[in-house]
Amino acid sequence: MRVHNGRLARSRFRLVLSLLAFNCDRLLGATTAQHGLTAGELMRGVGLFAAIAGILILFLVEFLWRPRLQPSTYRWLLFVGLLLLPITLLLGVTTTLFEETKTVGSCASCHVMDPFVNDMMDPESPTLAAEHFRNKWISDHQCYACHTTYGVHGTLAAKRDGFRHWWLYVTGTWNKPIQYSGSYPNSNCRACHEGTVKFEEVKSHQALWLDLETDRLSCFSCHGPPHPGPKEQEVSAGNQ
Amino acid sequence: MSRISSFEDRWGLLRTSVISTLLGMFCILVFLWRGFESWTVGLGIFLGVPLLLLGILLYLTAVIRDLRRRGAL
C-alpha cells in the first residue's frame, strides 16, 4: 500500500512539473529559446506569480482564515498581500506594458492599423516602411523604432500616443482614413542614418543640413512615401 | 475576530482595500495572461491598475491611522 502511495505521489509530482513546464513554455514564448529571457518576459512571469499569490493570500486571509488567525499573523499576511505583492505586480505589469507596446503585434492589435502593417510586410510595396522591413534595416520593433523621438521623453511620448490611439479605437471615435497627427521629426531618421558613409556622401544632405536639422525640410520631401496614402489604405481595407 | 476588527478595521478600510486589491489583481492577471490586446489593456491597465493603487492607498491609510491611534506616530 505504501509503495502504491509512493508511486501515486511521484506520478502526481511529475504531472505538476510537466504542467508547470508547459505553462512556462507558453508564458515565455518561442522567441525565448532563440534570444534568451528578456526583461519584459521575466517581469511578466514575476507579475503573474505576484497576482496569483496575492489573490490566493488575500482571499484565504480575509474570507476563510480570518477568525482563526492571530492578530500578528493577520497583520503580516495583509502586509504581504496588500503591499509587497501589489508593488511587485505593479513593477511586473509596468515593465510588461512598456515592452509589449514596442512590438509590431501591439500596433496591429487594433484592426484600424491593418493597412499599415500589411503594407509594411508586403514584399512588393514601395513605401519606406516596407523597404526598411524587408531589408531588415530595423531588426525588431519596427513601428516603435521609427515612431518614437529618441530619449526618455520620446519613449514616454510614444506610450502616451499609443494610449491615445487605444482610446480612439475602443471608443470608435477615429476618422477614416487615419492620418498622422503633428509632424514627423527628422531626428527619428537621423538617429540611424546620420554619420553613415551613404548618408554623408549625398551632396544635398550636406547642402540642406541646417534645414534638415531644424525640421524646416522633411526627409519625406525627397524620400517616401513612408506609408500607404488614404487611397491605398481604402484599397487594402476593401481587400480584407 | 473581534480583537482584529476592533483595533484594525474600525473604518472598514481594510476590507475595502482587500476587495479593491483583489479586483485589481484579477484584472491585471487577465492582462498578463492573455497578453496585449485592446480589451485586455482596458481591463488590466485602465481598470486594474487604478483599483490596485486604490487598495494600496487604503491599506496605507488604515496602517497610519492605526499607528496614530496607538501613539506610534
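Residues that are away from chain B (no Cβ under 14 Å) and within 18 Å of B:Ser38 (Cα to Cα) within segment A:141-160 comprise just one, A:Ala158. Please tell me if A:Val93 is touching a His at 6+ places or on another chain (Cβ under 8 Å) and aliphatic (A, V, I, L, M). No: the conditions fail for A:Val93. The criterion of being among the aliphatic types (A, V, I, L, M), closer than 29 Å to A:Glu194 by Cβ and touching a Ser or Thr at 6+ places or on another chain (Cβ under 6 Å) holds for A:Ala158. Of everything in segment A:71-104 that is at pLDDT below 90 and surrounded by fewer than 14 Cβ atoms within 10 Å (Cβ to Cβ), the residue that is farthest from A:Leu42 (Cα to Cα) is A:Pro71. In segment B:34-73, the residue that is farthest from A:Leu83 (Cα to Cα) out of those that are of a type in the set (Phe, Trp, Tyr) and either more than 7 Å from every other protein chain (Cβ to nearest Cβ) or surrounded by fewer than 17 Cβ atoms within 10 Å (Cβ to Cβ) (or both) is B:Trp39. Taking first residues from segment A:117-136 that are more than 17 Å from A:His147 (Cβ to Cβ) and partners that are part of a helix (DSSP H, G or I) and among the basic types (Lys, Arg), the Cβ contacts under 7 Å between residues at least 6 apart in sequence or on separate chains come to A:Pro123/A:Arg134. Identify the single condition in (1) over 17 Å from the mean Cα position of the chain (by Cα); (2) modelled with pLDDT under 90; (3) not assigned by TED's automatic domain parsing to the domain that holds A:Asn175 that A:Pro115 does not satisfy, given that it satisfies every other one. Answer for A:Pro115: the failing condition is (3).
The values are calculated or read from the model by the stated rules, or taken from the named source; none is laboratory data. Nothing here was measured: the structure is a model prediction, and the numbers come from that model. Positions of Cβ are backbone-derived with ideal geometry, glycine not excepted, and every protein chain shown enters the neighbour counts.
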